[in-house]
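Each remark here refers to the structure printed beneath this line.
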């Protein structure tokens with residue numbers, strides 16, 4: 001197998017009338033998905049004059065037809081970039097400026113937005129297109145005006161020329177400098193990655209996913225492509241149902257969702273409202289999560305109420321397609337005990353290098369119960385091709401394997417600090433740039449945060465280091481707590497030099513676009529300048 | 001009512017709550033804001049807002065939230 005389109009083609013042969021992707025308004029069967037994708041592919045090919053391996057942005061809501069649009073782009077011989085329809089114009093401009101897509105596929109409902117982006121881009125770019133009749137930088141293709149009769153005979157030729165290292169999509173993640181970076185992911189990446197995902201979690205034609213993550217987020221790659229490969233069904237959960245939790249439970253049961261792969265904050269909603277007191281989820285068999293650290297306390301709430309389900313903690317960046325290590329929960333964890341991120345996925349290898357570039361051994365320091373720490377590297381077929389149009393950032397993160405001086409081998413440097421526990425499992429420490437030096441000690445703020453997990457009445461929390469004042473801030477949302485009581489909780493769990501110096505209670509924790517706690521904003525707001 | 005407006009402004013500042021006609025449809029209350037708001041209201045008014053009460057109807061405007069709290073206080 002060399003092309004991800006074989007996923008839908010094979011499933012369309014085996015299950016032509018089975019739903020592939022659906023929402024409350026209906027869905028597309030595998031037969032319909034393949035047919036529509038081919039039509040869109042031929043149409044894009046015609047409109048873009050047969051461009052190859054060029055970016056085509058897709059500006060649509062999260063719905064079944066969007067998947068056909070992505071597949072259509074791949075049929076046309078190009079690769080897709082999912083644009084968040086709600087993203088701020090400045091971010092969209094930044095992405096489109098880097099990307100210079102040959103076309104943007106959209107629908108009538110998003111035409112205004114697409115046109116706005118097109119004209120703004122011209123202004124920002126000054127000289128481009130000034131003297132021509134139209135100021136268009138990219139073509140806008142309105143899916144509602146799809147020419148279903150476009151000549152499909154070209155698709156065979158396109159496919160014949162395609163190879164498995166051709167790109168399928170580029171996915172933009174926020175860079176620390178504020179300029180989004182687009183990780184380019186190939187057919188080979190997805191095929192290798194989805195082989196592992198399918199095997200590790202036993203995904204098959206009986207799997208029914210309840211999809212939570214947006215299509216512009218790398219986690220959606222896992223449930224979407226493992227669905228298409230295995231003839232499963234993906235139900236898109238309306239975003240609003242996470243606001244109205246009983247609707248969420250109803251949806252899960254109506255569509256008999258048996259597998260979920262959500263961000264921890266979505267799982268926490270269920271725990272915060274204690275939803276299992278009001279409704280059960282008898283069909284749900286697999287609860288998978290990734291994207292940020294899953295606090296152990298809400299996970300324990302799930303396990304207590306749904307004890308027979310499989311729980312797994314997945315870890316990885318967009319640059320390794322989605323995931324590089326995982327841990328299936330197989331023992332009990334105290335509320336203040338962090339979950340490990342486990343071991344490398346099948347057909348992916350990870351290793352840990354210390355600051356001198358030497359490999360960290362899993363040997364345990366008896367005093368801490370953990371090994372030394374170091375930076376995590378990943379190698380193998382999951383590792384993306386690089387960042388689109390950004391040679392500098394690509395060179396920084398996709399490097400020659402430091403352990404291999406003999407032949408070219410690019411590995412991905414994750415920027416994450418990790419260590420081994422006594423089981424030989426990897427444990428997440430923090431981002432490399434999130435490690436601080438305080439009172440002469442090297443401290444990981446994540447460890448302080450893990451200790452806070454056991455404090456009652458606190459819903460959400462983050463540790464921030466105020467460099468200017470050399471103070472550790474503990475910021476929390478929840479019931480107002482007495483400072484001495486809080487301090488006591490930390491004294492019982494972390495060494496004195498790791499105790500927070502200041503406690504700040506906020507009414508509402510800020511979150512970024514991906515639903516993660518916005519630490520940059522917290523720091524800007526509460527640290528001294 | 002004043003207390004309710006105070007809480008809303010704390011949970012999510014910068015919204016003209018008194019004149020807002022659709023807190024849900026206009027995207028003021030998202031999932032994470034809702035969790036915070038509900039727990040905050042339960043604490044401050046000492047009422048038990050269960051997930052069953054968290055509906056688009058009850059959280060449409062300040063007035064509907066207020067009515068819901070009154071109802072729950074009487075229970």
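Values in this text are rule-based calculations from the coordinates and carry no lab data. These numbers were taken from a predicted model, which means no experiment stands behind them. Methodologically, a virtual Cβ is constructed for each residue, glycine included, from the backbone with ideal geometry; neighbour enumeration extends over all protein chains shown.
Below are the figures for this structure:
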| item | result |
| --- | --- |
| Net lengthening on full extension, residue A:53/residue A:355 (0.36 nm per residue, minus Cα-Cα) | 104.9 nm |
| Distance between region A:460-513 and region B:1-69 - C-alpha centres, whole angstrom | 27 Å |
| Shape call, region A:439-526: gyration tensor on alpha carbons, a/c limit 1.5 | oblate |
| Part-to-part distance (alpha-carbon centres) for region A:278-303 and region A:188-215, which is given in Å | 18 Å |
| Förster radius 41 Å - calculated FRET efficiency between residue A:516 and residue A:159, Cβ distance, rounded to 0.05 | 0.60 |
| Sites residue A:253 and residue A:524, calculated FRET efficiency, Cβ-Cβ separation with R0 51 Å, nearest 0.05 | 0.75 |
| Potential lengthening between residue A:86 and residue A:1 on full extension [0.36 nm per residue; Cα-Cα distance subtracted] | 27.0 nm |
| Gain in span if fully extended, residue A:469 to residue A:205, counting 0.36 nm per residue against the direct Cα distance | 89.4 nm |
| In nm, spacing of pseudo-spin labels at residue B:21 and residue B:75 (7 Å Cα→C-beta vector) | 3.0 nm |
| Separation between Cα centres of region A:416-446 and region A:62-97, rounded to whole Å | 36 Å |
| Gyration tensor verdict on region A:168-252 (Cα atoms; rounded if a/c is under 1.5, prolate if a/b is larger than b/c, oblate otherwise) | oblate |
| Solution diffusion estimate, µm²/s, Stokes-Einstein, the protein assembly as shown, Kirkwood Rh from C-alpha pairs, 37 °C, viscosity 0.692 mPa s | 127 µm²/s |
| Gyration tensor (alpha-carbon) shape descriptor, region B:2-74, a/c threshold 1.5 | rounded |
| FRET efficiency, 1/(1 + (r/R0)^6) with R0 25 Å, evaluated for residue A:504 and residue A:334 via beta carbons | 0.45 |
| Estimated [θ] at 222 nm from DSSP helical runs (n ≥ 4, -39500 (n - 2.57)) normalised by residues in the protein assembly as shown, nearest 500 | -10000 deg cm²/dmol |
| Pairwise label distance in nanometres, residue A:18 with residue A:346, each label 7 Å out on the Cα-Cβ vector | 1.9 nm |
| Degrees between helix A:245-254 axis and first principal axis of chain A (Cα, 0 to 90, nearest 10) | 60 degrees |
| Label point distance in nm, residue A:422-residue A:391, each placed 7 Å from Cα along Cα→Cβ | 5.2 nm |
